[in-house]
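Report on the following structure.
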Amino acid sequence: MASKSLLIYHAALMLLLINWMMGMHCNELSVDPPEDLAILDPGHLGRLEITWSPPASLINRSECPKLYQLEYFDTYKNSWTAIRTVWRTYTAQFDLMKDVRVRAYTLLNGPCTNGTLIKSTSYTELVQKPPSTGLVGTAVEDFVCVFHNMEYMKCNWGISQKMPADSQQTLYFWHKKLEQTEECPKYSISNGVRSGCDFTGTPLPDFTDINLCVNGSSPEGPLKPTYFSLQIQNHVKPETTEKLHLQTGPNTQMEINWEYSVGKIPGTCLEWEVEHNQEGPDGKMLLQQILTKQTNLTLPSVHNNERNCFRVRSRLHKYCAKRSFWSDWSPQTCHPEEKQTPAEPGWDMVPVYVYTAVAIITILVLSLCVWAVLKVRRSRQVKKLDSLTTLFARNSALSVAET
């Protein structure tokens, strides 16, 4: 029994010794960072491919699986993003107008590390500067894209004051469903210059990065390119609500309801802002704004002698999109309705038969005038003819008498 306990004791010591030696070996094991870090641009307007190679010191170490940690600076979020992968390539979205910064670590795990994940203490880093092409100050301004009612998208931009005359701007776009970039299907023209792109009839995927670039040429050289990346579900602008219905309910309550355009926007994705203007007894207007996800609203204690006016607008709420555009305000509807004072009839409101009567009288008067003038002329001609006849007769009588 004593010999068996002694044997177990020696075995435990041996295991502890082995673990200690392996731990020392792991602590002495160093891992080098990846090599040949490169950034490749396939021409997808900011969608870049990052590649690297394993460190030379680990090429022949096949007994331990290698893992890589890639970190890149996301200029859209202004923070670093990290991913771990067994592959030696990764694709990410970048803003080509800013520095592209990436760095990579090597991670080792398996029998050679006793199951402990070891990360390289150093990393390989690469910084790629934006291209310095294009005339300074010629980039487009105030670029904005709106996905109208989830049916069609339009993008517009402003023209830089430094853009040379006779310049020509061009928009290109790309997303994952396209093999290569395509040009704007239909440009918007303002004062003879391209100022926007109409994507009506061009299908665009949602929840997918759509990359856009506006560049161009001029007699003085190429214009400064500008890059954008967006997802269309975050640029939706709902249609305007056309009509509000108001009615007073029991206990002087005001009931408001409205309808929205049935399109591609799910009704459950819309939130509404109701603007309520109330005229108090002193004539001052009190403004109240109410947010709701319903298409109706009930307000308590509205006095009939007070004028209440309402209008609404809508947008996608945060559970359907990260951001959205407000729709335009609906026409204002008031209770009680404003009485319209009938305008005094002007010349444009005179009935047609009055114009007709005036025309007939005018024609008759003109006809009488013409008839009178003709009659006077005819009477004068008759008198003149009579005078000539009398004179001729007298002359004839004198001639006979002289004979």
Per-peptide average of other Cβ atoms within 10 Å, ordering 81-91, 215-225, 319-329 highest first:
215-225, 319-329, 81-91
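Quick one: net charge of Cys320's neighbours, Cβ under 13 Å, K/R +1, D/E -1? Mind dumping the intermediate values first?
Details: positive: Lys264, Lys293, Arg315, Lys318, Lys322, Arg323; negative: Asp206, Glu271.
Here the count lands on +4.
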Using the alpha-carbon centroid of each, what span in Å lies between segment 177-254 and segment 46-116?
35
Restricting to lysines and to Cα separations under 18 Å from Lys119, and discarding same-chain partners fewer than 8 apart, the set is Lys66
For peptides 175-181, 53-59, sequence by mean Cβ density within 10 Å, most packed first
53-59, 175-181
Highest average packing first - 61-67, 309-315, Cβ atoms within 10 Å
309-315, 61-67
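So how much slack lies between Ser30 and Ala56, counting 0.36 nm per residue of separation and subtracting their Cα-Cα distance, in nm? Could the numbers behind the result be given before it?
Working: separation 26, 0.36 × 26 = 9.36 nm, distance 1.27 nm.
Length difference between fully extended and current span is 8.1 nm.
For segment 124-227, what does the alpha-carbon gyration tensor say about shape, rounded, prolate or oblate, given a ≥ b ≥ c as the root eigenvalues, a/c under 1.5 as rounded, and a/b over b/c as prolate?
oblate
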What's the whole-number percent of alpha carbon pairs in segment 47-200 lying beyond 28 angstrom?
45
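Just so you know, all these numbers are worked out from the coordinates, no wet-lab data involved. Everything quoted here is computed from the prediction, not taken from an experiment. Counting neighbours? That spans all protein chains shown, and the Cβs are built from the backbone with ideal geometry, glycine included.
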